[in-house]
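Below you'll find the structure, written out as structure tokens, and then a few comments.
The values are calculated or read from the model by the stated rules, or taken from the named source; none is laboratory data. Model, not experiment: these values are computed from the prediction. Every residue, glycine as well, gets a Cβ built from its backbone with ideal geometry; the counts of neighbours run over all protein chains shown.
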Amino acid sequence: MKRVVLVLLPAFVAVVLSGPLCAAEDAAPTAPAPTITLPPPDLVGTMTLEQALAQRRSVRQYADASVTLPQLSQLLWAAQGITEPSRRLRTAPSAMASYPLRLYVFAGNVSDLAAGVYLYLPQEHKLQLVVEGDQRANAGTQPQIRNAPVLFLFTADITAMSQRVDTARARDWAMIEAGHAAQNLLLEEVALGLVGVPMAGYDAVKIRTLLKLPDSEEPIYIVSAAKRGG
Ligand SMILES: Cc1cc2nc3c(=O)[nH]c(=O)nc-3n(C[C@H](O)[C@H](O)[C@H](O)COP(=O)(O)O)c2cc1C
């Protein structure tokens with residue numbers, strides 16, 4: 001383990017010193033698509049971090065109830081929101097501040113939001129429509145994918161990061177980053193009185209086709225959000 005750290009560290013330090021890379025969002029297609037402005041996040045909350053950590057559990061049975069737009073906004077902010085605008089830094093850490101993640105919302109039952117797949121735009125705290133209609137069934141076959149009112153899909157585009165480190169390492173780092181962001185999201189769910197589960201068992205082929213993902217963009221992780229049921 002020590003050997004690995006010693007090998008990785010110089011490359012990491014070198015790239016950190018040479019400054020942030022272009023975020024995946026910056027490379028997103030610029031074709032005009034409808035955008036939705038999200039309510040601003042609540043920066044106070046009502047639960048301690050320790051309470052959220054103690055209560056977090058993977059839950060797969062959901063009430064037939066909608067998630068609200070302010071809740072959705074809060075969850076997106078927790079996962080990938082901007083916390084230091086001058087340096088475009090986010091809630092979750094990122095190797096070389098490269099931000100390879102993209103965060104999509106599969107909205108099936110979100111109040112005041114038409115069903116569809118949306119891309120989160122962290123800089124503007126907005127959603128951009130990608131595909132209209134309820135697409136949850138295209139995300140996978142697990143019941144908790146189909147039943148959750150809303151799903152979050154993390155993808156990664158390591159193109160920018162791969163200019164500084166080799167592809168395998170860039171991919172590893174993107175996976176680690178997705179773990180950070182997903183845990184933020186899961187803890188925020190607890191803080192909002194919601195439940196969910198992180199999932200690596202999704203239908204990558206259908207997702208790729210549905211979202212017309214380029215080869216450079218890889219689905220990584222899905223997180224559900226819902227009111228507890230059962
Ligand atoms: C990388 C990863 C992938 C997972 N994939 C799935 C999945 O596809 N479906 C599912 O129901 N749970 C999935 N889980 C959730 C685990 O089953 C769950 O975290 C584990 O049982 C421990 O329970 P807890 O989350 O309540 O602590 C995944 C968890 C991780 C970390």
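Within region 174-186, track down each residue that is surrounded by 18 or more Cβ atoms within 10 Å (Cβ to Cβ) and closer than 17 Å to GLN74 by Cα. Within region 174-186, ALA181, ALA182, ASN184, LEU185, LEU186 qualify.
With respect to the conditions (1) buried (at least 20 other Cβ atoms within 10 Å of the Cβ); (2) more than 12 Å from the ligand (Cβ to nearest atom); (3) under 15 Å from the mean Cα position of the chain (by Cα), LYS126 falls short on a single one, namely (1). Of the residues making up region 13-42, those that are in contact with a helix residue (DSSP H, G or I) (Cβ under 9 Å, 6 or more places away or on another chain) and modelled with pLDDT of 75 or more are ILE36, LEU38, PRO39, PRO40, PRO41, ASP42.
Would it be correct to say that LEU119 is more than 23 Å from ASP64 (Cβ to Cβ), of a type in the set (A, V, I, L, M) and in contact with a Gly (Cβ under 6 Å, 6 or more places away or on another chain)?
no
Scanning region 203-230 for residues that are surrounded by 14 or more Cβ atoms within 10 Å (Cβ to Cβ) and at pLDDT below 95 gives a single hit, SER216. In region 155-175 there is at least one residue that is within 16 Å of the ligand (Cβ to nearest atom), closer than 30 Å to PRO34 by Cβ and hydrophobic (A, V, I, L, M, F, W, C). List every residue pair whose Cβ atoms lie under 7 Å apart, where the two residues are 6 or more positions apart in sequence or sit on different chains, the first residue falls within region 184-210 and is farther than 21 Å from LEU101 by Cβ, and the second residue, located anywhere, is of a type in the set (Asp, Glu). Within 7 Å, the pairs are VAL195/GLU189. Filtering region 187-202 to residues that are within 12 Å of the ligand (Cβ to nearest atom), part of a loop (DSSP other than H, G, I, E, B) and crowded, with 19+ Cβ neighbours inside 10 Å leaves VAL197, TYR202. Scanning region 203-224 for residues that are away from the ligand (no atom under 12 Å from the Cβ) and part of a strand (DSSP E or B) yields GLU217, GLU218, PRO219. Identification of strands (runs of 3 or more DSSP E) wholly contained in region 45-146 with 2 or more residues that are within 16 Å of GLY193 (Cβ to Cβ) yields no element.
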